[in-house]
Every structure is written in structure tokens, then in C-alpha cells.
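Taking it in order: structure first as C-alpha cells, then the write-up.
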Amino acid sequence: MDRLDEVSLKLQRVRGWLNSSGLEAVLVTSQANFAWLTGGGNNYVSTGNIAGEASLLVTSDGSYLLSNNIESRRLLEEEVAGLPFEPLTWYWYEGDGAKEHLGRLCDPSKSVSDIRFLDLPLASEGFSALRYDMLPPEVDRYRRLGQEAAQAVEKVCREASSGDVELDVAASLAFECQKLGILPLVNLVAADERIARYRHPLPTKNPIQRTLMVVLSGRRQGLHISLTRLISFGPLDPDLLARHRAVTKVDARFILESRAGNTLGAVVSRAVEQYAIEGFPQEWRLHHQGGLTGYADREILGTGDAGHWLRHHQVLAWNPSITGTKSEDTVLVTETGPQVLTRTGDWPELEVELPGGSIGRPSIKT
């Protein structure tokens, strides 16, 4: 399946959703849905905005790229070349350009938007759900992204030294990611006591003494990837090792339960049970556990009552933590079971055996 086939199939999904919802059109402006619908295209200038700088309008019989004259050339040449989107452009100072095109192509009263834009009603959650199941080209992109992101994190960890400061490690990770076209949206670095003190440790000038944790959530072509690695610059503290062994067992339970036919809630409940088995029954309350990922860092957050049913070719990022340590990777649900996308084979692992199977989880590198 090439990119044109991928986009054509997604447009069919959207039109089927429009028909079943009794709608004429949907306007797509978010960075996430633009990337999904174009097979990896980017419509952003600032990554800090939910909205991009251009929109896609899909009707029952047409698909259009709406953009001002600043963006149109690059989008047409670099983001949607060869794709079935008719360009509609206006000058940047014509503030009503998008609204005028919209009114000409569809009935706004029977149309929706993926984000708040042009006074259109918001699309239902069913629209976002169209992007949860990955097509073969998306799976291929995810596999490459998982390997390259993990290699970047592990390289930075191996090259760090006692005495380095957290901000320098974060800068190294950002550099390695940017070389690969990965946007490091979450770049957390903590050393020593800050690992246990904060669940989301933004990097500071704190120098590394004994232990380092590096956390990445990166994005490329709209797809999100997440992982965490820890390294010790000296003999490993026995209590930390015990805690890490426990959290890898919880993580293994999350992954082994991540199979088609299970709900997110069921997976979380069984992992919470594993926390208790390992002697840490309350730790799950101190931080979210991850959930469904894809074109958002977490498409659906995993809670005990999350009713989303897992299907093949969906992607999960679980991140259980026990104070002082954490285990996190990104996982693809497949017909043969869960596959870890961020496993390089170059990082030491603990082989975890549970009644539901066995799996290697990253250890604290020494």
C-alpha cells in the first residue's frame, strides 16, 4: 500500500463516518488529524499550537486543502504532493478566506470541525476513533520511529557521565532527535533524588552523581513514541534495584495483557493487581499509567473503567512507576501478541516471568 492508497482509504473512512453521522463535511485543522489524514504530512509552524496553519475539508464528493498564500506552496510541494486534495488559497490578510471557501463548498450548519474553528460544532469522539487502527504503512513508520527514538535515548544515556548536568543531557537528546526528524515533545531528565521526588522532572542544572533517568515522548509524521531508560554510575542501590524489579513486573503485566479483545480498563485493573502482588499497592495512584497512543501522546488514558476495546494494529504506551524508578516502552498489538516497538536489543534487560508469559524489560544499566 503506497501513500496515495493509504490516504484514499482514510478518506473513505471519513466519508463513511460523515454518512453515518448525517453530516455534509468535516474540517480538519489540528496537527494530529492533518498528519493522520495525509499519511504523515505536517501543517504546523509552531509545535505549541493544537491547530496547524492549514485545513483539510472533506465532503461526500470532494477533498480540499485550505491555506493562505504563505503556506500553500510548501504544503503542496512537500506535504500533500500527489494526494487528492484540491488547493484553495487566499491572501494572508484576508481573514475570512477559509470561511468563504467553506460556505461555498458545504452547508456549515451540517458540518463539523475537529477543533474549535470557524464557529463550527466539534466533531464527536467517533471521528478521532477513525485514526486508532494503524494501516500497514503506519505500522511501518511506527517501527522505524520506535527503533530510532530508542537508539537516540540509549545513546544519550550511554554517553552521559557523573558530573554532567540534567540540562546538558536534555540538550543532547533534543539534538539526537532533531537529527532524525523527531520532535522531542516530552524531554524529561532527572538525576538522583529528583527521580524519586518528581514524577515529571523537567531538566535543571542539577548535576548527576549516581543515577540518571531519561524520558522521551517524541513525534514524527504525527505518530507519538514514548520510552524511559535509567542508568547508574556506580554500584546499584539494593532498594532501588528491588523497586525496579517490581516495576518491570508491573510493566510486563501491562504489556502481556495488551491483547485484542481486552479493554483498557481490564488491562489497567490487572496491572494494579500486580502492583499489590509486588508489595506496592498504592503506587499506581501517584501517576497515570499510560494508555492508547498514536496521533496523540495518549489517545485514551488508561483507567480502571476505560471501556475501549483493544484491536490489532493499535498502539499503547504504558509507563508504570514506583517511587524512584519507572518502566516505559511503546507497544503494538498484533495477531501474535504485543510487540515492543522501542526495544533495540542493545540495552540490558531483566527477563520477567509471569503466569501470562515472559518478556524482557529494560534494566537499570550499570
Q) How much solvent-accessible surface does GLU328 expose, in Å² to the nearest 10, with a 1.4 Å probe and all protein chains in place? A) 10 Å²
Q: Please work out how much length the chain gains when fully extended from HIS288 to LEU180, using 0.36 nm per residue of separation minus the C-alpha to C-alpha distance, in nm with one decimal.
A: 36.0 nm
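Assuming 0.36 nm per residue, please report the length gained on full extension of the stretch TRP309 to ALA129 beyond their Cα-Cα distance. Working shown, then result.
Values: separation 180, 0.36 × 180 = 64.80 nm, distance 1.15 nm.
Stretched out fully, the TRP309 to ALA129 stretch lengthens by 63.6 nm.
Of all GluC sites (Glu not before Pro) in region 172-265, which ones are in loop regions per DSSP and have a Cβ with at most 15 other Cβ atoms within 10 Å?
Numbers: sites: GLU176, GLU193, GLU257; in loops: GLU257.
Answer by residue number: there is no such site.
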Q | Coil-residue chymotrypsin sites (Phe, Trp or Tyr not before Pro) of region 164-235, DSSP, other Cβ within 10 Å capped at 15 | A | TYR198
Q) Helix 136-159: angle to the longest alpha-carbon principal axis of the chain, degrees 0 to 90, nearest 10? A) 40 degrees
(Q) Can you tell me which of ASP164, ASP114, ASP61 moves the most in a GNM of the chain? Springs connect C-alpha atoms under 10 Å apart. (A) ASP61
Q: Starting from the Cα-Cα distance between ASP119 and ASN69, subtract it from 0.36 nm times their residue separation and give me the gain in nm to one decimal.
A: 15.7 nm
Q.
Can you give me the C-alpha center-to-center distance between region 143-205 and region 19-55, rounded to a whole angstrom?
A. 29 Å
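Calculate the dipole size of region 265-318 relative to its Cα centre from +1 charges on Lys and Arg beta carbons and -1 charges on Asp and Glu beta carbons; express the result in debye to the nearest 20. Walk me through the numbers before you get to the answer.
Numbers: 4 positive and 6 negative charges, 25 e Å.
The calculated dipole for region 265-318 is roughly 120 debye.
Carbon and sulfur: what percent of the chain's accessible surface (1.4 Å probe)?
On the way: 7810 of 15670 Å².
Here carbon and sulfur together make up 50 percent of the probe-accessible area.
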Q: Enter the angle in degrees (range 0 to 90, nearest 10) between the Cα long axis of helix 3-21 and the first principal axis of the Cα atoms of the chain, meaning the one along which they spread out most.
A: 70 degrees
Q | Sum of -39500 (n - 2.57) over DSSP H runs of 4+, divided by residues of the chain (222 nm, nearest 500) | A | -10000 deg cm²/dmol
Q.
How large is the Kirkwood hydrodynamic radius of the chain, counting all unique pairs of alpha carbons, in Å?
A. 21.7 Å
(Q) Normalised radius of gyration for region 172-274, please: alpha carbon Rg relative to 2.2 N^0.38 Å, two decimal places. (A) 1.26
**Q.** Residue among ALA98, ALA174, ALA152 with the largest mean-square fluctuation in a Gaussian network model of the chain, springs linking Cα atoms under 10 Å
**A.** ALA98
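Accessible area per residue of region 67-214 at 1.4 Å probe, in Å²?
So region 67-214 comes to 52 Å² accessible per residue, rounded to a whole number.
Are there any trypsin sites (Lys or Arg not before Pro) in region 272-354 that are in a DSSP loop and have at most 16 other Cβ atoms within 10 Å? List them by number. Kindly include the intermediate steps, with their values, before the conclusion.
Numbers: sites: ARG285, ARG298, ARG311, LYS326, ARG343; in loops: ARG298, ARG311, ARG343.
Those that pass, being in a loop and sparsely packed, are ARG311.
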**Q.** For q = 0.22, 0.25 Å⁻¹, Debye-computed log10 I/I(0) when each Cα of region 136-208 counts as one equal scatterer
**A.** -0.96, -1.13
Q.
As I understand it, the dipole of the chain uses +1 on the Cβ of Lys and Arg and -1 on the Cβ of Asp and Glu, about the Cα centre. Which of TYR275, VAL333, GLY95 lies farthest toward its positive end?
A. TYR275
**Q.** Charge dipole of the chain about the Cα centre (unit charges at C-beta), most positive-ward option of VAL169, ASN68, LEU122
**A.** VAL169
Q) In what order, largest first, do LEU350, LEU227 sit by accessible area if the probe radius is 1.4 Å? A) LEU350, LEU227
Q: Would you check the accessible area of SER60, probe 1.4 Å, heavy atoms only, in square angstrom rounded to 10?
A: 90 Å²
Q) Which of GLU53, GLU154, GLU125 moves most in a GNM of the chain, Cα contacts under 10 Å? A) GLU125
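Sorting LEU66, LEU4 by accessible area (1.4 Å probe), largest first, what list results?
Values: LEU66 5, LEU4 75 Å².
Heavy-atom accessible area, descending, gives LEU4, LEU66.
For region 75-132, what is the per residue volume of the convex hull drawn over the alpha-carbon atoms, in cubic angstrom? List each step's numbers first, then the result.
Details: hull volume 7.3 nm³, N = 58.
Per-residue hull volume (Cα only) is 125 Å³.
The values are calculated or read from the model by the stated rules, or taken from the named source; none is laboratory data. What you are looking at is a predicted structure, and each value in this text was computed from that prediction instead of being measured. Don't worry about glycine lacking a Cβ; one is built from the backbone with ideal geometry, like all the others, and counts go over all protein chains shown. Quick note on the areas: whole protein, heavy atoms, side chains included, nothing else; ligands and nucleic acids left out. Shrake-Rupley method; radii C 1.70, N 1.55, O 1.52, S 1.80 Å.
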